[in-house]
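The values are calculated or read from the model by the stated rules, or taken from the named source; none is laboratory data. Given the structure is predicted, the values throughout are model-derived calculations rather than measurements. With ideal geometry, Cβ positions are generated from the backbone for all residues, glycine too; neighbour counts draw on all protein chains shown.
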Amino acid sequence: WWGGPLRYRRLLGVGAFALSVVHVLQMVVHSWNWNLEAIAFMLPQHRISIGLGAAAVVMMMPLALTSFDWAQAAMGRWWRRLHLLSVPAFLLVALHTLLIGSHYLGRAQLTWVNAALVMLLGVTVVTVLLLRSPLPQKLLSYYPKSL
């Protein structure tokens, strides 16, 4: 079952980068109307969230630019090290989503729906990190010998 997502990991990564660029453009053009000075007047929580999201997009840019077979062959072992930036970028995106919350996770009020959405985000992040880790893969592939 893990072969399917692994086969499409490049498409998923480049797609995530493309969607993040579209998200940034949508926010700059439609929400802020090219008035980037408006960020200075936002709540500190939202300014931090924007900074985290911007850092994640910057981290994803070299990954998207080197997502080709020839780049992998040319960079050798450095390609893998560079592409491990996807983990901190993923964590920054999760923090961005959590802090910007009022837009994506409901209103600022503490309701059971908002709490459930935050828990769903947390479970998703932990699940993805566990799936990337070699430990669960080793545990799932372990077959005890019969006694």
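Among the listed residues 89, 18, 73, identify the single one that is more than 21 Å from residue 124 (Cβ to Cβ), in a helix (DSSP H, G or I) and not charged (D, E, K, R).
Among 89, 18, 73, only 73 is more than 21 Å from residue 124 (Cβ to Cβ), in a helix (DSSP H, G or I) and not charged (D, E, K, R).
Of these, 71, 40, which one is closer than 22 Å to residue 12 by Cβ and in contact with a helix residue (DSSP H, G or I) (Cβ under 9 Å, 6 or more places away or on another chain)? Unique residue meeting the criteria: 71. Condition check for residue 61 on (1) modelled with pLDDT under 90; (2) touching a Phe, Trp or Tyr at 6+ places or on another chain (Cβ under 9 Å); (3) surrounded by 14 or more Cβ atoms within 10 Å (Cβ to Cβ): one failure, at (1).
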